[in-house]
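A.B. asks: If you scroll down you'll find the structure; I have some questions about it.
Read-outs throughout are calculated quantities, based only on the coordinates presented, and are distinct from any laboratory measurement. Since the model is a prediction, treat every value here as computed from it, not as a measurement. No Cβ is skipped: glycine too gets one built from the backbone with ideal geometry, and neighbour counts run over all protein chains shown.
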Amino acid sequence: MLLEGVWDFHFDPKTNMVDTHISRLRAKVDREFSPQLIQTVRGSGYVIDALG
Amino acid sequence: MLSANLFPTASFRLVALYLTLFIASIGVLAALLVFQLRAAMEGEAQTEITNEMNLLLFEYHEDGLEELLEETEERIEKNNIQQRLIYMVQNPAGRVIFDPVAPVSRPFGWRRNIGGGDIHFLFTELDNGYVLGIGKELSALADFERAIGKALIWTVGAALLIGLAGGTILSRRTLARVEAINRTAQAIGVGRLSQRIELQHTGDEFDDLSQTLNRMFDRIEHLVANVRQVSTGIAHDLRTPLARLRHRLENLRDQQPLDAQDAINGSLAELDRILETFAALLRLSELEAGTLRSGFQAVDMVALVQQMVEAYQPLGEDLGTRFQTGHLDAATIPGDSHLLQQLIANLFENALQHAGRDRIVEVIIRRDPDRVLLLIADNGPGIPERERARMLKPFQRLDPSQSPDGSGLGLALAAAIAQLHGAELRLSDNHPGLRCELDFTTQSDSR
């Protein structure tokens, strides 16, 4: 989903490209704050949740 | 088989048809010739007879019957040759003197074929019941007609003979070529797929046909080899994960619920891999069928490459590989942007997996008048030259014992996508590293 929305990719990269981008995003957005804005939902993806 | 089936061959029938036309035209020619000649000779004979008649009549009117008879006799004696005119005078009683001609009666004038021969006669009635007749036999014409008839028979005979021989030779040659094509096709039909029709290099229709067929045979051989390889690949690649899966499930049956979670996760991952392989195989067959080409649109290659590099850069940095763009000529090609993304992604992921740490992957687009060249080069270990062709086929890995992840379909998919776009994926040495070249020909789309 993220791949399609951001880059219009319609294939599954074998690599964990999304995770890498998310971790970079986290580093920029969430590093010095709590609660974490970007939450990982195991088995399905990521969610932005301000209430944490 | 050769001689028995000679007569029904197309070339033999063609020769026979031409022969018939040839003989018919010769016949028409001869008939026209005889007809024209006869008309000319008859005209000439009639003129001659008329002139002679006028001369003798003049004598008769000037000097009377006695003088006419004398003059006629003189002429018969003087022209005692075969081609001379025939003279006769008939008295009122019906007696004929001079040349032996049957007596005639009214009406006088022009007569032909007196006494069976090909003779033209002009009879004129004199005073007091006498008749003067002058004739000419057209014996030369009869000779000529006989000669023409003979020549015609000989010509037809010779034409028949030559035609028969020529037709046989031509049919044999044609049959031999057809037979060669037939033999090859039969051999291929029973499974000897590498057989090809031998070309005569005469540039004729048979060579054209043979070349077309040979190309078709190439394609068939290629496809059959592909199918074989893919099915073997499937068998090999799916057996191990399936066996592992079975093993895990067996363990799961005997184990505590707590450990079951891990076993289930492992099984799911295994199944994912199997499904992924199937998805890639389906994709590959879809690509090779070439039906996706109908949805092609203009794709801006520069934007595509920049987007891909941007997407892969962070991942590369984590794994110690730097993706960068070199010189990018502005280029637009007809294609499917999603497939082209996948093509580049597969090449990028290959580089990530195999190039190792501290590597650089550079992308270059070069635009020539008639083609667009996309270069993706790394400075990793590369692929040995003898392995390069193999790597483009499905289920091929550089080291089969190693790299269990990855379907072994990445480069095959990339090659299939390239082929769909009329491009060829070429692997070469980057000194050091691997250099992937994609050559999109933009002009005349021959496919």
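A.B. asks: Taking amide H atoms as placed 1.01 Å from N in the peptide plane, list the residues 5 or more away in sequence, or in a different chain, whose amide H sits under 5 Å from that of residue B:328.
C.D. replies: Close amide H contacts, sequence-distant or interchain: B:365.
A.B. asks: For residue B:393, list the aspartates and glutamates whose Cα falls under 13 Å from its own Cα; do not include residues on the same chain fewer than 8 positions away.
C.D. replies: B:288
A.B. asks: A further question on this structure: I'd like the orientation of helix B:301-319 relative to chain B: the angle between its Cα long axis and the longest Cα principal axis, in ° from 0 to 90, rounded to 10.
C.D. replies: The helix B:301-319 is inclined about 30 degrees to chain B.
A.B. asks: Turning to a different aspect of this structure: Within the stretch B:202-231, find all residues whose amide N lies under 19 Å from a label point positioned 7 Å from the Cα of residue B:17 along Cα-to-beta-carbon.
C.D. replies: Within reach of a label on residue B:17, which here means backbone N under 19 Å from a point 7 Å along Cα→Cβ, the stretch B:202-231 contributes B:205-206.
A.B. asks: Okay, next question. Pulled fully out, how much extra length does the chain show between residue B:108 and residue B:178, if you take 0.36 nm times their separation in residues and subtract their Cα-Cα distance? Spell out each step's value before the answer.
C.D. replies: Numbers: separation 70, 0.36 × 70 = 25.20 nm, distance 7.31 nm.
Taking 0.36 nm per residue and subtracting the Cα distance, the gain is 17.9 nm.
A.B. asks: So, one more: Can you list the aspartates and glutamates whose alpha carbon sits under 19 Å from that of residue A:28, skipping same-chain ones fewer than 8 residues off?
C.D. replies: Partners within reach: A:19, A:49, B:310, B:317, B:318.
A.B. asks: Whole angstrom only: what separates the Cα centroid of the stretch B:23-62 from the Cα centroid of the stretch B:96-147?
C.D. replies: A separation of 14 Å, based on Cα centres.
A.B. asks: Now a separate question. Using modelled amide H (1.01 Å from N, peptide plane; none on Pro or chain starts), what sits under 5 Å from the amide H of residue B:323, excluding residues fewer than 5 places away?
C.D. replies: For residue B:323, the qualifying residues are B:361.
A.B. asks: How big is the Rg/Rh ratio for the protein assembly as shown, C-alpha atoms only, Rh by Kirkwood, two decimals? Spell out each step's value before the answer.
C.D. replies: Numbers: Rg = 50.6 Å, Rh = 33.2 Å.
That ratio equals 1.52.
A.B. asks: Got a sec? How would B:59, B:424 order by Cβ neighbour count within 10 Å, fewest to most? Intermediate values should be presented prior to the final figure.
C.D. replies: Numbers: B:59 17, B:424 14.
Listing B:59, B:424 from fewest to most nearby Cβ atoms yields B:424, B:59.
A.B. asks: Further question on the same structure: How big is chain B by Rg and Dmax over its Cα atoms, in Å?
C.D. replies: 49.4, 160
A.B. asks: Which FRET efficiency value, to the nearest 0.05, do you get for residue B:366 and residue B:389 by plugging their Cβ-Cβ distance into 1/(1 + (r/R0)^6) with R0 = 25 Å?
C.D. replies: Working: r = 24 Å, r/R0 = 0.96.
Efficiency for this residue pair is about 0.55.
A.B. asks: Rounded, prolate or oblate, given the Cα gyration tensor of the stretch B:345-385, with a/c below 1.5 counting as rounded? Write down the numbers at each step before the final one.
C.D. replies: Details: a/c = 2.56, a/b = 2.22, b/c = 1.15.
Here the stretch B:345-385 falls in the prolate category.
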